[in-house]
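Asker: Please see the structure below; I have some questions.
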Amino acid sequence: MSDTLITVIAILLAAVLMFIFPLLSVSERSDDISQLSVQTATMEFVNNARTVGKITMDSYTELVSTINATGNSFDIEMEVKVLDENIGKKSAWTQGTVIGENIYYSVYTSQIVEVLKEKGTYTMKEGDMFSASVKNTNKTLSQTIRGVFYSISGNDAYTIFAQHSGVVTANGSY
Amino acid sequence: MKLQGLGILFALIVLPVILVLTYYIQLQVDTINLQNQYDTKLLDATHDAMSSFEINTANEDLSTVSDSLRTIIDASTNVFFNSLATNFGMSNASKSYVEPYVPAILYTLYDGYYISAPTKVPTVLTDPDGNAVSVGDIGVQKQGNDYTYQVIHTTQEQENNCSECASGSSTHIRYETYSGDGFIWDSYYLKYEDTGDDYGQLLYLKENNLYTTNIDEAEFKTKNVLKTYMPYSARYIHENEDDRIDINVIYTLDNYVTIEGTINNVYYSKSGYLLPESLNMDMDIPQNIDLLTYNQNDAQSYIENNPITLNLYNGAVTGEPITKIEVTDSRTYNELSDELIVNKEILKNARNLKISNDADSINNFIISHEDYGGDLDAIIESCNNSINDIQYQLDKKSAIEYYVKGKIFSDWVYENLGEIEERDLVEISGQNYKSVNGHEEVTYNFEESDRKIFEVTGSTQNGFIEIAQDSSFYNHKLNVIRNSIQYNLNSAMSTYNNSSSRTADYSMPVMSNIEWEKILNNVSIVSFMQGVNCGLKSYNNYVIVSSTNNELAIQPNDIYYVERGQFNDETAEYHRIDCKKFLENSDTNEYIAFPSKEVKYDKIYDKSNSFLPYQYDHRNFACYDCINDGNYEKVNIFDINSIDEKYRARAIDLQRAYYIGVAKCKNNLYKMNGVQNSKGFEIIYDSERDIYGTSSLPISEIKALEIVFGTIRTTASDDIIRCKIEYNNKEITEEVSYSINANSSGNSTIVANIKNDFPNNIELDWNKLSFENDTPEIVLVDNVIKSRVKSVKVIYK
């Protein structure tokens, strides 16, 4: 009787050890590799945009296709902080000894994508800031397997995440 | 084997594999992450360097002068290394740690480029004040018979106390140093070495605190050195049966070109903007003269001093011009500039008083400026109006200068150099092209191309005043610049690689065409970083940062416009030329233009101004459509048919604003390699070299004669005689006669301008020139001035 129980437990354990653990591990590596390519693609996208001063439909599509090639679905969030020097200038006039601070206003993904679809290019100027973050929206294999043992719930349940940002270094030619 | 055994075996094999794989992939991820971080750090440091460059050029009046530019670039490299070191998490004091990883930084400027690269240099001995110490200075003592010297550092006080210095002993000196109470505590014997050939030589550091005059023995240290300025230049030799052209052309990022060299026997040095061949013009001027036959500088001074209207045509000078620039104001350029300064000063004071609220001062001010209006606001408004008006007149004068001078220059280029082909190229930036092409792969092979280099036809986007981006000229220029940069950058990097003791291999990366385009369109900084340990590999990348707001170059895209009456009005907006809002909302036909750098770096700190020490000198608002957010609705003002009929007249006004704005901004740039006075010259007579002849070009092409006289003797001493120059017994010079110092032991030179209306299309012959004494009261000893002429140089327009 006890022999049988131990055998069953041993078989279960063996199954976990021999199949599920390697599978989990391999799928996590697969996520790591996805992470690698997503990270690189995001960074290239942002750095390219900020050195030429514009986000182009081409580079955006390239980013989308590169990250989708990992087999996951992703959510791309972009933000352009547009430098507005007017306010700084105007506020300086109320008192003579202070010079105004620059102010930024933000433009987000949906507005940027709308411009991209309409014109093919989103133009930025020197001094603006551009950031992009990418995270997976589907459950990757490793997340599913992990879900068998323990579950993480909520909106931020992603394993692949990349983000990059920086100051735009040149006025976008238009 | 039992199932369990197999299972364990499986686990034993698979687990280590998984573990190793995990570890390896993690390393790869870390490497890529690190590489990404390095990329960002490098980009940010390069951007910092560019910001430093832009700010320094904007706030330094002499930034475009080469010496000043060098210091600005030195400062910029300094900022780069400081920023890079800080980004790497080190203090900026340890920037020397990152320096070896940067094999080169390239600065491409308006008409040439700098490369900053580590170079092995000997350490030259200097005193505490930074002056070089050489053999023969106090304290320098010879050691043995070779080039080795020992140096005893002396202070000024010690030198003053040197007891035998005063007695004049040149070989053996004794000086004593005194402690505070007058007790002699030390003394040295020093020598002035009489070392023959070595005397005056610099001393280089050798090992063990010894110095040498032999550079081969010196100890070399790696230092970041800004190499000499390389112009974007090329030399061409074009020969056929009739002509021989040997010229050097210096290109720039835009259409400005400097040409020096000989065409047949005439040596030319000319600079100017190359305009499209199809751009023609006529002028309404009170005097009946053709400015286009003038020398560039004479035309400029005419335009500066007279009212003028310029009509530009695309193609033949008939029908409706593409634009008309009218200056009716009779004030000269200098008068206008002076008045501008006066008005700005009054405006500044009025603004200060307004803030100060000091009733007495305000009253006094209003009384002393009653012409301007009865109260402070009226004075401010009146000054603003005058400033806007004067600025607009100045802009128009500048623009007309640009077109007229450009046309004079371009016509000359097309006529004289139109035949030069790419295969005539012999040198690029002073480097023999054939020797480079023989040893290295060049990006473009000039030897096999028969394209004409001054062929400028092509399609233009903005109006008709620019040289087409797809023209032969433009392509050739880019190829020349690219070859030059590539060659020199490559050699700077490989030199460093060969001399570097590090194991990393420094080499020039291959840059893509798009990247070159970026480098060659704007003032840019390209920084290279190689050899940093980066996880599983060694980091190797470069970054390009282009500048759009600098003092050195103007891009038509980066010029902003504002309605004339609203210039510097703090409630009005400035725009780009193709902003729809601008077209539809402006209600004037006159606009003032300014380059973007003027608003980007327009904060002024005026220490003497106690009320408003910080000011902006451009008060207009940036348009939220076209400037702040670049994603605006654009209109092509040059495509009139695409514009709504009710805005067409406005679009034509905007076109004029563009033609004035671009021309004015370009004309006002300082050109480092430009020639101040464009001219050609030829010697037609030289008594010492037995040259007697005629000029190669007709008299109508001659601007002036430069005549050198030997000693002219008169019966009295210290006389000044007036000499009259005639040609074929007709007056040829602008002035009736010219002054020459008589009886002087040296030569005297006069420059006599040829009359613009001297009606002669024949060559100037030395034999037909006559020189007469125009001062009858002075008696010449030998009475023939012509025999005293030493040389005659013809200066062409």
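The values are calculated or read from the model by the stated rules, or taken from the named source; none is laboratory data. Quantities reported herein were computed from a predicted structural model and do not represent experimental measurements. Counting neighbours? That spans all protein chains shown, and the Cβs are built from the backbone with ideal geometry, glycine included.
Asker: May I ask you to verify whether A:ALA69 is loosely packed, with under 15 Cβ neighbours inside 10 Å and either modelled with pLDDT of 90 or more or at positive phi (or both)?
Answerer: Details: loosely packed, with under 15 Cβ neighbours inside 10 Å: yes; either modelled with pLDDT of 90 or more or at positive phi (or both): yes.
Spelling it out, A:ALA69 is indeed loosely packed, with under 15 Cβ neighbours inside 10 Å and either modelled with pLDDT of 90 or more or at positive phi (or both).
Asker: Of A:THR94, A:THR144, A:THR140, which residue is over 17 Å from the mean Cα position of the chain (by Cα) and either modelled with pLDDT of 90 or more or closer than 25 Å to A:SER37 by Cβ (or both)?
Answerer: None of the others qualify; the one that does is A:THR144.
Asker: In a loop (DSSP other than H, G, I, E, B) and more than 30 Å from B:ASP578 (Cα to Cα): which single residue out of B:VAL510, B:VAL426, B:VAL456 fits that description?
Answerer: Working: B:VAL426 fails: in a loop (DSSP other than H, G, I, E, B); B:VAL456 fails: more than 30 Å from B:ASP578 (Cα to Cα).
Of B:VAL510, B:VAL426, B:VAL456, the one residue that is in a loop (DSSP other than H, G, I, E, B) and more than 30 Å from B:ASP578 (Cα to Cα) is B:VAL510.
Asker: From A:GLU114, A:GLU126, which residue is more than 8 Å from chain B (Cβ to nearest Cβ) and of a type in the set (Asp, Glu)?
Answerer: None of the others qualify; the one that does is A:GLU114.
Asker: Considering only residues that are under 13 Å from the mean Cα position of the chain (by Cα) and basic (Lys, Arg), which ones fall in region A:52-67?
Answerer: Hits for region A:52-67: nothing passes.
Asker: Identify the single condition in (1) surrounded by fewer than 24 Cβ atoms within 10 Å (Cβ to Cβ); (2) in contact (Cβ under 8 Å) with a residue 40 or more places away in the chain that B:TYR591 does not satisfy, given that it satisfies every other one.
Answerer: Single failed check for B:TYR591: (1).
Asker: Something else now. Find the residue count for region B:776-797, including only residues that are in a loop (DSSP other than H, G, I, E, B) and surrounded by fewer than 18 Cβ atoms within 10 Å (Cβ to Cβ).
Answerer: 8
Asker: Where the second residue is exposed (fewer than 10 other Cβ atoms within 10 Å of the Cβ) and the first is within 11 Å of another protein chain (Cβ to nearest Cβ) and lies in region B:1-15, which pairs have Cβ atoms under 8 Å and are six or more apart or on separate chains?
Answerer: Hits for this filter: B:LEU9/B:MET1.
Asker: Related question: Say we look at region B:540-588 and pick out the residues that are over 30 Å from B:PRO103 (Cα atoms), among the charged types (D, E, K, R) and away from chain A (no Cβ under 13 Å); which of these is surrounded by the most Cβ atoms within 10 Å (Cβ to Cβ)?
Answerer: Ranking the candidates gives B:GLU563 first.
Asker: Hey, another quick one. Give B:PHE473, B:PHE454 a once-over and let me know the one that is crowded, with 20+ Cβ neighbours inside 10 Å, touching a Gly at 6+ places or on another chain (Cβ under 7 Å) and more than 14 Å from chain A (Cβ to nearest Cβ).
Answerer: Result: B:PHE454 is the single residue among B:PHE473, B:PHE454 that is crowded, with 20+ Cβ neighbours inside 10 Å, touching a Gly at 6+ places or on another chain (Cβ under 7 Å) and more than 14 Å from chain A (Cβ to nearest Cβ).
Asker: Which one is surrounded by the most Cβ atoms within 10 Å (Cβ to Cβ), of the residues in region A:29-44 that are more than 7 Å from every other protein chain (Cβ to nearest Cβ) and more than 12 Å from A:PHE74 (Cβ to Cβ)?
Answerer: Once the filter is applied, the top-ranked residue is A:ASP31.
Asker: Are any residues in region B:307-320 at pLDDT 90 or above and either outside any strand (DSSP E or B) or acidic (Asp, Glu) (or both), and if so, which ones?
Answerer: B:PRO307
Every residue, every condition in (1) basic (Lys, Arg); (2) surrounded by fewer than 17 Cβ atoms within 10 Å (Cβ to Cβ); (3) within 14 Å of chain A (Cβ to nearest Cβ); (4) more than 26 Å from B:TRP412 (Cα to Cα), yes or no:
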position: B:ASP282; (1), (2), (3), (4): no, yes, no, no
position: B:ILE285; (1), (2), (3), (4): no, yes, no, no
position: B:ILE289; (1), (2), (3), (4): no, yes, no, no
position: B:ILE303; (1), (2), (3), (4): no, no, no, no
position: B:GLY315; (1), (2), (3), (4): no, yes, no, no
position: B:SER337; (1), (2), (3), (4): no, yes, no, yes
position: B:LEU340; (1), (2), (3), (4): no, no, no, yes
position: B:ILE346; (1), (2), (3), (4): no, no, no, yes
position: B:PHE365; (1), (2), (3), (4): no, no, no, yes
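Asker: Let me ask another. Among the residues of region A:20-31, are any closer than 30 Å to B:ASP44 by Cβ and of a type in the set (A, V, I, L, M, F, W, C)?
Answerer: First pass over region A:20-31, keeping only residues closer than 30 Å to B:ASP44 by Cβ: A:31.
Those left that are additionally of a type in the set (A, V, I, L, M, F, W, C): none.
Checked against the condition, which is being closer than 30 Å to B:ASP44 by Cβ and of a type in the set (A, V, I, L, M, F, W, C), region A:20-31 yields no hits at all.
Asker: For region B:53-64, does any single residue satisfy the condition of being more than 11 Å from chain A (Cβ to nearest Cβ), in a helix (DSSP H, G or I), acidic (Asp, Glu) and over 28 Å from B:ASN87 (Cα atoms)?
Answerer: No, region B:53-64 contains no residue that is more than 11 Å from chain A (Cβ to nearest Cβ), in a helix (DSSP H, G or I), acidic (Asp, Glu) and over 28 Å from B:ASN87 (Cα atoms).
Asker: If only one of B:ARG619, B:ARG648 is of a type in the set (D, E, K, R) and either outside any loop (DSSP other than H, G, I, E, B) or not assigned by TED's automatic domain parsing to the domain that holds B:SER586 (or both), which one is it? Show your work before the answer.
Answerer: Values: B:ARG619 fails: either outside any loop (DSSP other than H, G, I, E, B) or not assigned by TED's automatic domain parsing to the domain that holds B:SER586 (or both).
Just one listed residue meets the conditions, B:ARG648.
Asker: Same structure again: Has region B:566-588 got at least one residue that is part of a loop (DSSP other than H, G, I, E, B), aromatic (Phe, Trp, Tyr) and under 30 Å from A:ILE112 (Cα atoms)?
Answerer: no
Asker: Note down all Cβ pairs under 6 Å where the first residue falls in region B:608-633 and is more than 9 Å from chain A (Cβ to nearest Cβ), the second is assigned to a helix (DSSP H, G or I) and modelled with pLDDT of 75 or more, and they're at least six residues apart or on different chains.
Answerer: Every condition considered, the pairs that remain are B:ASP625/B:LYS581; B:GLU633/B:LYS580.
Asker: Just for region B:524-539: of the residues that are at pLDDT 90 or above and hydrophobic (A, V, I, L, M, F, W, C), which one is surrounded by the most Cβ atoms within 10 Å (Cβ to Cβ)?
Answerer: Looking at the filtered set, the residue picked out is B:ILE525.
Asker: Within region A:147-165, work out how many residues are assigned to a loop (DSSP other than H, G, I, E, B) and at pLDDT below 85.
Answerer: Residues in region A:147-165 being assigned to a loop (DSSP other than H, G, I, E, B) and at pLDDT below 85: 10 in total.
Asker: On the basis of being assigned to a helix (DSSP H, G or I), free of Cβ contacts under 8 Å to residues at least 12 places away in the same chain and at negative phi, does B:THR22 make the cut?
Answerer: Here the answer is yes, as B:THR22 does meet what is asked.
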